[in-house]
1. I'm checking my understanding of the structure. Among residues of the stretch 51-61 that are in a loop (DSSP other than H, G, I, E, B) and open to solvent by less than 40 Å² (accessible area, probe 1.4 Å), which one is farthest from Thr80 (Cα to Cα)?
2. Being within 30 Å of Ser11 (Cα to Cα), in contact with a Leu (Cβ under 6 Å, 6 or more places away or on another chain) and not basic (Lys, Arg) is the requirement here; does Thr170 meet it?
3. Among the strands (runs of 3 or more DSSP E) confined wholly to the stretch 70-131, which include 2 or more residues that are within 30 Å of Thr26 (Cβ to Cβ) and under 23 Å from the mean Cα position of the chain (by Cα)?
4. Does the stretch 17-40 hold any residues that are part of a loop (DSSP other than H, G, I, E, B), within 19 Å of Thr88 (Cα to Cα) and open to solvent by 30 Å² or more (accessible area, probe 1.4 Å), and which are they?
5. Run down Val134, Val145, Val129 and say which single residue is hydrophobic (A, V, I, L, M, F, W, C) and open to solvent by 50 Å² or more (accessible area, probe 1.4 Å).
6. Which residues, counting only those in the stretch 62-105, are buried (at least 17 other Cβ atoms within 10 Å of the Cβ) and aliphatic (A, V, I, L, M)?
Amino acid sequence: QSSVTVTVKPSPLTTAPDAGTVPSATGGEAVSNVAANDQIGGNPAVIGSNATVGEDPANPWPGQFHLDPATGKVTVDPGTPAGTYPLTYQLCETLNPSNCTLETVTVTVSTGTISAQPDAGTVPSTGGVAIPNVVGNDQINGGVVNVAGPTPNATLKPTGAWPPGITLNTTTGEVVVAAGTPAGTYPLTYQLCEVANPSNCATAAVTV
């Protein structure tokens, strides 16, 4: 009687790095499927068939980043600070769950686009509201600027030297002139910054 020993080896895993970019303000899908450019045994890696994916067990992802194990999709939460985030995912063979390898997925979170437009207004010597809202004609990522409410997307502040008697309400954008302010033309400026990325700012002129 003789015996035959057969060794069944796990399939070789071939992976390639992934990368994607999302805007900080809205977040969204950075990579549709991290396994789309990977192979198992020379065949395409198909999640739910011959492959599984998950976050690197030894290096959990930050809370704003998510990997869907059913699809391989990488998503980012809105409001994630801008920056480049190197993450690691794990690809495993379904038939041999311990046959795994690690690969990188680099997610770039980009700053928003701020458009701050000049404003102008006139008041009599009795004072009053010169401009109802300086951010009313501004945009962040092509959308409305919100400097108040429970979830503002921008902060507002006066810059330079604003003279006594002319004030900027940073929660409403209103420019108010006090009664008795000397007549004249006052060139002023304000700064608009993105909440998610406080260093991403734009400056605009206000002429009263």
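The values are calculated or read from the model by the stated rules, or taken from the named source; none is laboratory data. Everything quoted here is computed from the prediction, not taken from an experiment. Neighbour counts are summed over all protein chains in view; Cβ atoms, including those assigned to glycine, are modelled from backbone coordinates with ideal geometry. Surface areas here come from the heavy atoms of the whole protein model, side chains and all, with no ligands, DNA or RNA. Shrake-Rupley method; radii C 1.70, N 1.55, O 1.52, S 1.80 Å.
1. As a first pass, look at the stretch 51-61 and keep what is in a loop (DSSP other than H, G, I, E, B): 56-61.
From the residues that got through so far, the ones that are open to solvent by less than 40 Å² (accessible area, probe 1.4 Å) too are 56, 61.
On the way: Asp56: 21, Trp61: 13 Å.
Restricting to residues being in a loop (DSSP other than H, G, I, E, B) and open to solvent by less than 40 Å² (accessible area, probe 1.4 Å), the top hit is Asp56.
2. Numbers: within 30 Å of Ser11 (Cα to Cα): no; in contact with a Leu (Cβ under 6 Å, 6 or more places away or on another chain): yes; not basic (Lys, Arg): yes.
Considered against the rule, which asks whether it is within 30 Å of Ser11 (Cα to Cα), in contact with a Leu (Cβ under 6 Å, 6 or more places away or on another chain) and not basic (Lys, Arg), Thr170 comes out as no.
3. Details: elements: 74-76, 83-93, 100-110, 128-131.
Qualifying strands (runs of 3 or more DSSP E): 74-76, 83-93, 100-110.
4. Pro17, Ser32, Asn33, Ala36, Asn37
5. Working: Val134 fails: open to solvent by 50 Å² or more (accessible area, probe 1.4 Å); Val145 fails: open to solvent by 50 Å² or more (accessible area, probe 1.4 Å).
Sole residue among the options that is hydrophobic (A, V, I, L, M, F, W, C) and open to solvent by 50 Å² or more (accessible area, probe 1.4 Å): Val129.
6. Leu67, Val74, Val76, Ala82, Leu87, Leu91, Val105
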